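The values are calculated or read from the model by the stated rules, or taken from the named source; none is laboratory data. For clarity, every value in this text was computed on a predicted model and none was experimentally measured. Backbone-built Cβ (ideal geometry, glycine too); neighbour counts: all protein chains shown. Side chains are part of the model used for accessible areas, which takes the heavy atoms of the whole protein and leaves out ligands, DNA and RNA. Shrake-Rupley method; radii C 1.70, N 1.55, O 1.52, S 1.80 Å.
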Amino acid sequence: METLIPTINRLQEVFLTVGAEVIQLPQIVVVGSQSSGKSSVLESLVGRDFLPRGSGIVTRRPLVLQLVNVAPLQERLKSENGNGVKQNPQSSYPGVKAEEWGTFLHCKNQIFADFQEIRQEIEAETERGSGDNKGITPEPIYLKIFSPKVLNLTLVDLPGITKVPVGDQPEDIEAQVQEMILSFISNPNSLILTVSPANSDLATSDALKLAREVDPDGRRTLLVVSKLDLMDAGTDALEVLLGRVIPVRLGIIGVVNRSQHDINTQKSLEDTVRDEHAFLQRHYPSLASRAGSRYLAKTLSRLLMHHIRDCLPELKTRVTVLSAQYQARLNSYGQPVEDHSATLLQIVTKFASDYCNTIEGTARYIQTSELCGGARICYIFHETFGRTLQSIDPLGGLTELDILTAIRNATGPRPALFVPEVSFELLVKRQIKRLEEPSMRCVELVHEELQRIIQHCSSYSTQELIRFPKLHDSIVEVVTGLLRKRLPVTNEMVHNLVAIELAYINTKHPDFTDAAQVSASVNSQQAEAVDGGKRWKSEKVAEERVPAAGFGSPSKSQAINLLDSAMPVSRKLSAKEQRDCEIIQRLIKCYFLIVRKSIQDSVPKTVMHFLVNFVKEHLQSELVGQLYKQGLLQELLIESQDTAQQRTEVAQMLEALKKAHNIISEMRETHLW
């Protein structure tokens with residue numbers, strides 16, 4: 001199990017190389033209030049002074065600290081000289097002539113053997129990232145310390161919880177610090193090391209409060225009670241250390257920190273540990289073996305190893321799933337272009353195929369939120385266009401007076417004995433003309449949908465187009481141009497359909513059954529008119545024998561200008577006029593329905609033939625003819641910078657995941673149990 005923590009450290013290094021934290025690795029997060037003794041606890045685990053000191057908030061960036069146990073210098077030198085037992089090069093660290101040293105992730109290949117330099121580098125890097133005053137930043141500093149005196153551990157030191165902003169800190173510094181702490185301890189694979197001084201009330205501990213928010217059961221929380229030697233005279237922390245005040249599942253460990261006087265006099269940590277042990281023996285003899293910095297280090301190492309063992313199966317699964325996801329993403333970006341001609345033909349053919357499949361309804365990516373492609377064209381034909389035609393009233397816009405006026409105008413100066421056929425043709429053409437506007441609108445809607453299919457194929461079907469923005473724009477331009485050329489041809493043909501109906505009113509149409517009935521009615525009217533004419537003549541002869549009274553020549557004073565009298569807008573029609581209007585209305589309605597049925601059937605066919613099918617049949621040849629030119633190949637197949645960058649990043653992440661998988665696979669079951 002000793003190899004578990006180094007394995008996690010290797011995994012952490014692998015993912016840091018790609019600058020991403022896609023996997024939440026097990027680690028110990030140190031949380032405490034400002035000046036609670038966190039830094040002293042960490043230094044006691046390392047056994048060296050290396051953390052910045054001072055008043056106020058000192059830790060202003062997360063410090064990810066990896067402790068690596070190495071062999072003493074003499075053993076490593078013997079191993080390098082070939083004497084003694086051969087060691088793993090990774091654990092022997094050839095070329096390093098120091099007993100203890102540190103390295104920073106941001107300082108490539110630089111070794112810090114002087115821990116004073118490590119402190120200075122932490123201060124300098126903190127100022128580079130968060131300013132030279134008291135600002136904070138969530139960007140971590142990664143430090144690895146190698147020493148034969150440490151146990152393998154991975155810890156994260158966070159800024160202390162503060163209440164009042166100082167310097168250039170924002171007013172919401174407390175909320176920012178708490179948000180940063182929560183972002184680390186919310187990781188379910190992390191252990192929470194809360195530090196609280198013994199001379200404060202645990203019930204008011206901000207560190208324990210935050211830990212309880214993310215770990216209510218306490219399965220990941222360990223409490224360190226610091227500054228045991230600073231309690232008031234006559235009091236002790238025995239009840240707290242025994243868990244009788246606030247129970248903590250992973251345990252409560254008391255430690256004695258170095259005082260400021262010890263720091264100023266540069267008291268060694270070895271002496272501090274010895275004095276700590278003596279203090280515990282005097283004041284807490286029953287707990288001396290379960291308290292102190294040495295016991296804390298062993299406990300943390302043991303807890304972290306067991307925690308890693310519990311998390312490792314989930315880590316394996318997570319790495320496997322992410323590897324598959326990133327491999328799929330890498331495949332979607334495609335490989336760098338080698339054969340430009342073949343690549344262009346492949347993309348053009350794929351786009352044309354997807355475009356036609358979208359119309360036919362056999363596309364690979366089918367939308368479920370709305371109709372598109374052929375389904376929407378079908379909806380336009382049979383729902384939008386069909387319902388619009390059905391809603392047109394055959395007699396809409398025609399009044400009885402309009403019909404009567406048309407009948408009179410068709411007879412000229414002679415009074416009409418019968419219904420003139422010319423008036424019927426005049427009026428029915430006027431109604432048929434109303435079918436042209438919805439027919440042209442149908443063509444427009446289909447054209448718009450064919451335009452929408454271009455974007456649909458670009459977004460869903462042909463992923464390669466995302467890589468080549470110029471090729472994408474060129475394909476859109478070519479298809480749009482093809483549709484633009486076919487639109488006036490289709491409009492003209494649809495216009496001709498209506499013009500054909502207007503050109504010849506076929507009163508002998510098989511479905512025009514009302515015409516025969518009206519013809520029979522007209523014949524009966526003619527017979528009645530002959531009989532009426534005979535009676536009119538005999539009555540006229542009788543009237544001529546009697547002088548007409550009241551119809552003499554009017555005097556000049558009684559003259560009336562009949563041309564000045566306006567034609568009434570509406571009046572009661574005579575029986576004959578009413579009958580004539582009804583005949584015309586019946587004929588118009590019957591013939592209009594015949595034409596409407598024909599238009600409703602022929603317009604979709606015309607649109608399909610001259611627009612939709614033509615585009616399907618000529619799309620690929622049009623694309624190849626316009627784009628497959630030697631002078632354009634290089635220009636069209638230039639990848640976007642985003643695609644190239646994303647492919648590189650995904651490839652690096654995939655490589656990191658493969659390394660992580662290999663690292664985890666190296667661990668045998670015997671190491672876990």
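Computed quantities for the displayed model
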{"read-out": "Breaking point among (1) under 24 Å from ASP310 (Cα atoms); (2) open to solvent by less than 40 Å² (accessible area, probe 1.4 Å); (3) touching a helix residue (DSSP H, G or I) at 6+ places or on another chain (Cβ under 7 Å), for LEU182", "value": "(2)"}
{"read-out": "Filter result for VAL245 (assigned to a helix (DSSP H, G or I) and modelled with pLDDT under 90)", "value": "no"}
{"read-out": "Count - residues of the stretch 445-476 that are polar (S, T, N, Q), at pLDDT 85 or above and open to solvent by 40 Å² or more (accessible area, probe 1.4 Å)", "value": "1"}
{"read-out": "Inter-residue pairs, beta-carbon under 6 Å, first in a helix (DSSP H, G or I) and in the stretch 310-321, second of a type in the set (A, V, I, L, M, F, W, C), 6+ apart", "value": "LYS316/ILE664; ARG318/ILE23; VAL319/LEU657; VAL319/ALA660"}
{"read-out": "Within the stretch 274-311, considering residues that are over 16 Å from LEU222 (Cβ atoms) and modelled with pLDDT under 85, the one surrounded by the most Cβ atoms within 10 Å (Cβ to Cβ)", "value": "CYS311"}
{"read-out": "Residue match in the stretch 635-648 (condition: within 18 Å of ILE475 (Cα to Cα), of a type outside the set (A, V, I, L, M, F, W, C) and free of Cβ contacts under 8 Å to residues at least 12 places away in the same chain)", "value": "no"}
{"read-out": "The stretch 48-91: number of residues that are open to solvent by 10 Å² or more (accessible area, probe 1.4 Å), β-branched (Val, Ile, Thr) and either closer than 23 Å to MET305 by Cα or at pLDDT 85 or above (or both)", "value": "1"}
{"read-out": "Options ASP172, ASP132, ASP168, ASP157: the member that is modelled with pLDDT under 90 and within 30 Å of ARG212 (Cα to Cα)", "value": "ASP172"}
{"read-out": "Flag if ALA656 is without any contact (Cβ under 8 Å) to a residue 40 or more places away in the chain and touching a helix residue (DSSP H, G or I) at 6+ places or on another chain (Cβ under 9 Å)", "value": "no"}
{"read-out": "Residue count for the stretch 477-495, restricted to those that are free of Cβ contacts under 8 Å to residues at least 60 places away in the same chain and open to solvent by 30 Å² or more (accessible area, probe 1.4 Å)", "value": "7"}
{"read-out": "Complete set of residues in the stretch 119-162 that are assigned to a helix (DSSP H, G or I) and either out of contact with any His (no Cβ under 8 Å at 6 or more places or on another chain) or over 28 Å from GLU174 (Cβ atoms) (or both)", "value": "ARG119, GLN120, GLU121, ILE122, GLU123, ALA124, THR126, GLU127, ARG128, GLY129, SER130"}
{"read-out": "Of all residues in the stretch 185-207 being crowded, with 21+ Cβ neighbours inside 10 Å and among the hydrophobic types (A, V, I, L, M, F, W, C), the one that is farthest from ARG60 (Cα to Cα)", "value": "ALA198"}
{"read-out": "Extreme residue, modelled with the lowest pLDDT, among residues of the stretch 141-154 that are of a type in the set (S, T, N, Q) and over 38 Å from the mean Cα position of the chain (by Cα)", "value": "ASN152"}
{"read-out": "Close pairs (7 angstrom Cβ cut-off, 6 or more residues apart or separate chains): within 18 Å of ALA278 (Cα to Cα) and touching a residue at least 24 places away in the same chain (Cβ under 8 Å) in the stretch 225-245, in a helix (DSSP H, G or I) and open to solvent by 70 Å² or more (accessible area, probe 1.4 Å) anywhere", "value": "ASP236/HIS283"}
{"read-out": "Any hit, the stretch 178-189, residues being under 35 Å from the mean Cα position of the chain (by Cα), of a type in the set (Val, Ile, Thr) and in a helix (DSSP H, G or I)", "value": "yes"}
{"read-out": "Residue within the stretch 333-344 that is of a type in the set (Asp, Glu), under 30 Å from VAL225 (Cα atoms) and surrounded by fewer than 17 Cβ atoms within 10 Å (Cβ to Cβ) present", "value": "no"}
{"read-out": "Tabulated pairs, the stretch 24-53, first more than 18 Å from SER301 (Cα to Cα) and assigned to a loop (DSSP other than H, G, I, E, B), second open to solvent by less than 10 Å² (accessible area, probe 1.4 Å) and of a type in the set (Asp, Glu), C-beta under 7 angstrom, 6+ apart or interchain", "value": "ASP49/GLU43; PHE50/GLU43; LEU51/GLU43"}
